[in-house]
Amino acid sequence: MSKVSTPQAIRGTQDMLGETAQRFTRVVETFDRVRRLYGFGRVEVPVFEATAVFARSLGETTDVVSKEMYSFEDRGGDSLTLRPEFTAGISRAYLTNGWQQHAPLKVATHGPLFRYERPQKGRFRQFHQLDAEVIGAGEPAADVELLVFADQLLRELGVSDGVTLQLNTLGDAETRAAWRDALVAHFTAHRDALSEESLERLVKNPMRILDSKDPRDRPVADAAPVIDDFLTAEAGAFFDSVRTGLDAAGVAYTRNGALVRGLDYYRHTAFEFVTDRLGAQGTVLGGGRYDGLIEALGGPATPAVGWAAGIERLAMLIDAPAAETVDVAIVPMGAAAEVAATGIIATLRRAGIACDMAYKGNMKKRMQKADARGARFAVILGDDELARGEASVKNLADGSQCAVAIAALAETLGA
């Protein structure tokens, strides 16, 4: 009889337990706490959408759409895609559910995303992101609020040291069109010096040449026309308002004129919080204003701005969280005590006291288990204690021990 092979995890996915899971949880809990401070309501959207939602929002020519999306045909013959990012699904939900009535809508979410790319440190095929969006607000104050939100999140996670906010403007539609034409003319004049990838981008997505990492491209990219030469008065005033707001909120930033977004629906503010603490310089949080996206999805012109952050990357940057512990370990001795302990532990937990009880073992093994869980107290219960309606409560830090009425355990231990 052949041996059945053990199933393996799919490449680019991960199983989490212990410290890895605790790091992940700390990032999510901190995000949930901070987003409530800023009035961002929780939103949930499906893990898969019609493929057209992402093809329209991400652009048919992008690597994500052409190479990285997990798309499949369902039994009804429809093309579906596991979400590679959050913004498109939230924008689709905004349209199909009539959420325009709530504009400006401030929402936040977190969860798994899927991209078929080469797994590496901090990068998975099923990965997880935090996401925050403001939809229906065209004012620079929305951009500022999101940036201050992001800055506070990184500070409260304890990862702000060594992280720099890089900021740029992409201008309004008129600015962007004029700048794009100038970039195409510049890169076309120097096409012989460009890499093969940048020659492809020259046709599909010329702005992306500006952030090329290929050393062959850098001299040409560094000499390219800058957006400031094409900013309309309105676009310049918008960017000035964002910077003034950040200064007022005490959020430091660095101007990066090469920070771009290739798709036409991006407008005005673009930003990334970057660090070199993960080896090569990497983005831990990024976003920008996407005033043209909802229109590209078939809706009315709707201003919007948002950001996303990788949970795995943030989890690698934070200090290791303290191990999870319990306040009380219940140590029953004997069958009658086991039954009574079941009621006692339920009562203590309902009173908000973290408790644990080993499923089996003698007193020594159960006490060892209590120590391993970091319990502060052990509640020892035997036939004699039951007869008196008491339990013996041992302080595991100093070894002191006293009798406490069973009916008073929750009050005593919760004090």
Quiz item: Ordered by residue, what ³J(HN,Hα) values in Hz, to whole numbers, does region 172-185 give under the Karplus form 6.51 cos²θ - 1.76 cosθ + 1.60, where θ = phi - 60° and Gly and Pro are x?
Solution: 8, 4, 5, 4, 4, 5, 5, 5, 4, 4, 5, 5, 4, 4
Exercise. Classify region 328-413 as rounded, prolate or oblate, taking a ≥ b ≥ c as the square roots of the eigenvalues of its Cα gyration tensor: rounded when a/c is under 1.5, otherwise prolate if a/b is larger than b/c and oblate if not.
Key: rounded
Quiz item: So who's got an amide H within less than 5 Å of the one on ASP217, skipping anything under 5 residues away but keeping other chains? H placed 1.01 Å off N, in plane.
Solution: SER195
Quiz item: Relative to the present Cα-Cα distance, how much length would full extension add between ALA408 and ASP276 at 0.36 nm per residue of separation?
Solution: 42.1 nm
Exercise. Based on the mean of other Cβ atoms within 10 Å per residue, sort peptides 309-316, 254-261, 396-403 so the most packed one is first.
Key: 309-316, 254-261, 396-403
Quiz item: lysines near LYS394 by alpha-carbon distance under 27 Å, same-chain residues fewer than 8 away left out - which ones?
Solution: LYS360, LYS364, LYS365, LYS369
Practice problem: For VAL331, enumerate residues with amide H under 5 Å from its amide H, sequence gap 5+ or separate chain, H modeled in the peptide plane. | Solution: VAL379, ILE380, LEU381
Practice problem: Kindly identify region 153-202 as rounded, prolate or oblate by the Cα gyration tensor criterion: order the square roots of the eigenvalues as a ≥ b ≥ c, call it rounded if a/c is under 1.5, otherwise compare a/b with b/c, prolate if a/b is larger, else oblate. | Solution: oblate
Quiz item: Calculated from the structure, Rg and Dmax of the Cα atoms in Å equals which of [x] 27.8, 94; [y] 20.6, 76; [z] 21.0, 71?
Solution: [x]
Quiz item: From the Cα gyration tensor of region 158-305, with a ≥ b ≥ c the square roots of its eigenvalues, which class applies: rounded if a/c is under 1.5, or else prolate if a/b is larger than b/c, or else oblate?
Solution: oblate
Exercise. Just rank HIS128, HIS190, HIS268, fewest to most, by other beta-carbon atoms within 10 angstrom.
Key: HIS190, HIS128, HIS268
Quiz item: Given charges of +1 on the Cβ of Lys and Arg and -1 on the Cβ of Asp and Glu, with all other atoms neutral, how large is the dipole of the chain about its Cα centre, in debye to the nearest 20?
Solution: 1320
Quiz prompt | Burial ranking of peptide ranges 85-97, 170-182, 336-348 (average Cβ count within 10 Å, highest at the top) | solution = 85-97, 170-182, 336-348
Practice problem: Might you report the magnitude of the Cβ-based charge dipole of region 328-413 about its Cα centre, with Lys and Arg at +1 and Asp and Glu at -1, to the nearest 20 debye? | Solution: 360
Self-check item: Sequence-distant residues sharing a close amide H with VAL260 (under 5 Å, placed H)
Solution: none
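Quick note: the coordinates plus some simple rules give every number you see, no bench work behind them. Predicted, not measured: the structure shown is a model, and the values here were computed from it. All Cβ positions, even for glycine, are placed from backbone atoms using ideal geometry, and neighbour counts span all protein chains on display.
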